[in-house]
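Presented below is the structure to which this report refers.
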Amino acid sequence: MKRTLRQTPVIKYLTLCYAALLLVLGIVRTIEYKNLQRSNAHLYELVNKSVRRQSILTDVRKSVDYVTEDILSILLYPEMERKPAIEEITSFEVSKNDSNLVEYQKLLEGSEEEQFFNKVQSFHTLNAKNSESIVQLIKENKYPEAILFNKNQFFQSNKEFQKANTALADFVNRRDNVEIKSIEQQLSLIDHLIILTTVFILILIGALGFLIGKTIKIMKRINS
């Protein structure tokens, strides 16, 4: 028995197993860290895109509201000094919305969102044309015609635009929230797996370390 233990490199094998477990722990932790990093990056990108989408749609809605209120105030109070600036204001706001919608188009994901966006785009184009028409009537001092146009065409196109804009915002908000919650659940699962695998491997390392220590003591007794 003593001769067998002397000739067998037990400690060497156990030490190699110990080193292998440490290596496995390092590899597992590296893989888990990379997965965690990817999930965090995906979550960060998704949240930023979601916030940007909502911000654009809010800016577009506010811009349309601003033009609508400006036109309505001039129709109600023709003597207002802002009358000469209405064309410039309308042109600026329409141009700003064009840029906002172009930026939003770059953030589109999936055919369903694209369908909602196309409705917003088409009603925006119609709304812009109607606002230009009503501004032209105001410039020509055709207030009865402008009031009638506002009551019929402009009011209706503006209403449809707002409905389309709200529908898109609601859809994006619901979809993004579902995706964000899904990624958050993945991150939580990864965190739990990291804890479990770390505890398991540490238990193995501790047990193997204890076994190595006991073996060394036995070998010392045998060799003494």
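About the Cα centre of the chain, how large is the charge dipole given +1 on each Lys and Arg Cβ and -1 on each Asp and Glu Cβ? Please answer in debye to the nearest 20.
So the dipole magnitude of the chain works out to roughly 2960 debye.
State the three equivalent ellipsoid semi-axes of the chain, derived from the C-alpha gyration tensor as the square roots of 5 times its eigenvalues, in descending order and whole Å.
Result for the chain: semi-axes of 76, 13, 11 Å.
For the chain, modelled as a GNM with alpha-carbon contacts under 10 angstrom, which of Leu187, Leu75, Leu196 fluctuates the most?
Leu196
Could you list the trypsin sites (Lys or Arg not before Pro) in the range 24-133 that lie in coil according to DSSP, counting only those with at most 10 other Cβ atoms within 10 Å of their Cβ?
Lys106
For labels at Leu189 and Lys151 in the simple 7 Å Cα→Cβ model, what's the distance in nm?
Between Leu189 and Lys151, the simple spin-label model gives 6.0 nm.
Could you tell me which of Leu75, Phe149, Gln115 has its Cα farthest along the dipole of the chain towards the positive end, charges placed at Cβ (Lys, Arg +1; Asp, Glu -1), taken about the Cα centre?
Selected residue: Gln115.
Which angle between 0 and 90 degrees, to the nearest 10, do you get for helix 155-223 versus the longest principal axis of the chain when only C-alpha atoms count?
10 degrees
Between exposed GluC sites (Glu not before Pro) in the chain, where DSSP calls loop and at most 15 other Cβ atoms lie within 10 Å, what's the longest gap?
The reported range is 141-224.
With every protein chain present, what is the per residue accessible area of the chain (1.4 Å probe, Å²)?
About 64 Å² of surface per residue is accessible.
What is the spin-label model distance, in nm, from Ser55 to Gln37 if the labels are put 7 Å beyond Cα along the C-beta direction?
2.7 nm
Accessible area of the range 136-224 with a 1.4 Å probe: how many percent of it is carbon plus sulfur?
Using a 1.4 Å probe with all protein chains present, the range 136-224 comes out at 65 percent carbon and sulfur.
Using only Cα atoms and rounding to the nearest 10 degrees, what angle (0 to 90) does helix 86-105 make with the longest principal axis of the chain?
30 degrees
The values are calculated or read from the model by the stated rules, or taken from the named source; none is laboratory data. Here the structure is a predicted model, which means the values were calculated and not measured. A quick note on method: Cβ atoms are made from the backbone with ideal geometry, for glycine too, and the neighbour counts reach across all protein chains shown. For accessibility, only protein heavy atoms count, side chains too; no ligands or nucleic acids. Shrake-Rupley method; radii C 1.70, N 1.55, O 1.52, S 1.80 Å.
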